[in-house]
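Take a look at the structure below.
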Amino acid sequence: MRPQNAVAKPYDAGRLENEVREAVQQRQPHIHAVDYVPRTPAPPVPEYVSHREDVSEIGKLSAEAIVKEYEETAKEIEAMGEVVRDMVQRCEQLTASASSMLKDIKATAARYRKEGKRMFTEIESCSSATDEVRRLCQTFRDKLATKESEAPK
């Protein structure tokens, strides 16, 4: 509360303006000026679309934005196709390599069969030869035994 004999001072608007001016000059500005950068023109719409004459500017801009998104997605899909094409090439190389390996495997198996047949024939020949030797030895022993029994005593 103010004492009753105190006189009210008139409001000084100039003093308030000075206080505001000082406060503003003491602070760094929050917003800095940005150099003007010329706007690059938007890429044209893909060649597979064209604007109709009866469409508003907003309709044209909206349609352009959508077709550009679809075009970017189509490019991503094509990039994925490149990856798949590389995979196909690797598969083809693997197939060619596997085909060559199969030929080698078949040739090796054929050589083993041929060697098996050779060993089979050789073992049977040895067996026949052994049987022949055994028979000859038996015949010779029998002849010797017969001659001994015929010999004068």
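If you scan segment 119-153, which residues turn out to be small (Gly, Ala, Ser) and surrounded by 10 or more Cβ atoms within 10 Å (Cβ to Cβ)?
Scanning segment 119-153 gives 125, 127, 128, 129, 145.
Return only the number of the condition from (1) modelled with pLDDT of 95 or more; (2) not in a helix (DSSP H, G or I) that residue 109 does not satisfy.
Every listed condition holds for residue 109 apart from (2).
Being modelled with pLDDT of 80 or more, of a type in the set (D, E, K, R) and part of a helix (DSSP H, G or I) is true for just one of 47, 71. Which residue is that?
Only one candidate qualifies: 71.
The values are calculated or read from the model by the stated rules, or taken from the named source; none is laboratory data. Treat the numbers as computed from the prediction; the structure is a model and nothing was measured. Methodologically, a virtual Cβ is constructed for each residue, glycine included, from the backbone with ideal geometry; neighbour enumeration extends over all protein chains shown.
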